[in-house]
Amino acid sequence: MTEPQTRDTAQAPAAAQPLLFQPLTLRGLTVRNRIVVSPMSQYSAVDGAPTDWHLVHLGKFAMGGAGIVFCEETSVSERSRKTYDCPGIYTDAQAKAWRRVTDFVRGQGAAAAIQLGHAGRKVATRAPWDGFSPLGPADAEQGRPPWAGLAPSPIAFKEGAMTPREMDRDDIRNVIQAHVDAAKRSLDAGFDICEVHGAHGYIIQQFLSPITNHRTDGYGGDIEGRMRFALELVEAVRAAWPADRPLFFRGSCVDGRGGIWNMDDTVVLAGRLKERGVDMFDCSSGGIDGPLTLHVVPRVPGYHVPFARRIRAEVGIPTMAVGLITQARQAEGYLEAGDCDLIALAREMMWNPNWPAHAAKELGMARPHELLPRPYAWWLQKREETLELSARTQHDERPVA
Ligand SMILES: Cc1cc2nc3c(=O)[nH]c(=O)nc-3n(C[C@H](O)[C@H](O)[C@H](O)COP(=O)(O)O)c2cc1C
């Protein structure tokens, strides 16, 4: 078992440097700032491979100055995809297509991160704007037949969905091996960071939650049994992922009717993950049951921050907070309070891909435009100076009343 290595960068920034813009070193990787683009599924892959869409979608976040750019949940096997349009990293051709994206992202100074996923029982659905509804006969006629997923217990995720096959020991071994193979391909694909997706009701959480795990063997029962799959999987991925590259884990900190998986459980899990070399606990919530729109945590600004704070304090593992973080001072405040180590944004980045540069200005950084690529930065700095001059001149020329 390897210890996570986290330290602030050796090149100490000036005292006035906002925490949001201080680099962070995780194992052998130093990221330029604490701003992370959170994974965002696009339903735009072709045969599991990322397309020009992904290059532009993720590339613009790297251009905007983020420290880490996450690609969306990327499946470790063909049949573990949520939809026909989800990407994967289970073929060499897919890894090659990802390489084009990571080369660009890294060329812009951001770290490229992959989120490895397996939907378990939540496979064969339509896109979110079609309600994530299960594929049916009409889709089969269009050449998109549904398929059954794999899960710890044979319980469908919603009415109309195919009942998943209960996994036997070989299935468990195969799914773990698929994650290991995917991690190795992620290295070939040029990713700096690998995240295991253990949240949102997908396969790992299906093992963790007593709602979806009714097993009576060593992979079910009490929390030790229900954690076993997650821990074996993470151990195997850690062994396959280079020791100098960080491994993240995204967990649903609370989930299920009546808080059946709660923060006490998550603290135990995070501790075990830390012992196994996980470097960052990415705090999310929900997904195990109920409709897509069910919010197990009230949607207030920074709604996962209290989880990040508690895990960081009690487990001593670095944490990433996400969820309605939209303002620079809000983000800086969480870092100042020691609530988390990284700030992740999803929808806000879609709204404003240059959010990091805007945040730098808001926090009073000198020359915030320099976070943007040179063909933009020089012009925007000139524009800023012109606007300032123009405002001063207008002020000076205003007639005295
Ligand atoms: C379009 C979209 C797609 C998403 N896809 C993923 C995904 O692939 N994996 C994941 O863990 N979370 C996914 N999420 C959740 C986000 O990563 C994030 O945790 C959530 O949107 C809350 O952050 P926000 O308030 O900044 O949007 C997605 C969110 C959005 C808006």
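The values are calculated or read from the model by the stated rules, or taken from the named source; none is laboratory data. Since we're looking at a predicted model, the values are computed, not measured. So basically every Cβ, Gly included, is an ideal-geometry build from the backbone, and we count neighbours across all protein chains shown. These area figures cover heavy atoms from the full protein model, side chains too; ligands, DNA and RNA do not enter into them. Shrake-Rupley method; radii C 1.70, N 1.55, O 1.52, S 1.80 Å.
A compact table of results
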| item | result |
| --- | --- |
| 5 angstrom amide H check on residue 323, placed H, neighbours 5+ away | 346 |
| Accessible-area value, residue 265, 1.4 Å probe, nucleic acids and ligands omitted, Å² | 30 |
| In order through region 192-198: 3J(HN,Hα) via Karplus (6.51 cos²θ - 1.76 cosθ + 1.60), integer Hz, x for Gly, Pro | 8, 10, 10, 10, 8, 7, x |
| The chain, helix-only ellipticity at 222 nm - DSSP H runs n ≥ 4, -39,500 (n - 2.57), divided by all residues, nearest 500 | -11500 deg cm²/dmol |
| GNM result for the chain, Cα springs below 10 Å: residue of 119, 182, 49 fluctuating most strongly | 49 |
| Potential lengthening between residue 56 and residue 181 on full extension [0.36 nm per residue; Cα-Cα distance subtracted] | 42.3 nm |
| Calculated from backbone phi, Karplus (6.51, -1.76, 1.60) coupling profile of region 62-78 in Hz, x at Gly/Pro | 5, 4, x, x, 4, x, 10, 10, 8, 7, 6, 3, 10, 7, 8, 7, 4 |
| Sites matching trypsin sites (Lys or Arg not before Pro) across region 294-401 that sit in DSSP coil, with at most 12 neighbouring C-beta atoms within 10 Å | 299 |
| Pairwise FRET efficiency - residue 133 versus residue 216, Cβ, R0 = 25 Å, nearest 0.05 | 0.20 |
| Solvent-accessible area per residue, Å², over region 29-365 with all protein chains present [probe radius 1.4 Å] | 37 |
| Debye, to nearest 20: dipole size of the chain, +1 on Lys, Arg Cβ, -1 on Asp, Glu Cβ | 360 |
| Net lengthening on full extension, residue 381/residue 158 (0.36 nm per residue, minus Cα-Cα) | 75.0 nm |
| Backbone HN-Hα couplings from phi across region 270-281 [Karplus 6.51/-1.76/1.60, Hz, Gly and Pro as x] | 4, x, 5, 5, 4, 4, 9, x, 6, 9, 8, 9 |
| Most positive-pole-ward Cα, 321, 209, 161, against dipole of region 29-365 from beta carbon charges | 321 |
| Amide H within-cut-off set for residue 282, under 5 Å, with H built and near neighbours excluded | 249, 250, 251, 320 |
| Label-point gap, in nm, between residue 336 and residue 140 - each point 7 angstrom along Cα→Cβ | 6.0 |
| The chain - Debye-derived log10 I(q)/I(0), Cα point model, q = 0.08, 0.09 Å⁻¹ | -0.42, -0.53 |
| Residue 43 long-range amide H proximity, modeled H, under 5 Å | none |
| With all protein chains modelled, accessible area of residue 388 [1.4 Å, Å²] | 100 |
| Neighbour-limited loop hits for GluC sites (Glu not before Pro), region 109-189 (at most 14 other Cβ within 10 Å; DSSP other than H, G, I, E, B) | 159 |
| In Å², nearest 10: area of residue 80 left accessible to a 1.4 Å probe | 0 |
| Extension reserve of the residue 244-residue 99 stretch, reckoned as 0.36 nm per residue once the Cα distance is removed | 50.2 nm |
| Label-point separation, residue 165 to residue 313 (7 Å along Cα→Cβ), nm | 4.7 |
| Spatially close lysines, pair count over region 29-365: Cα under 29 Å, gap of eight or more or interchain | 15 |
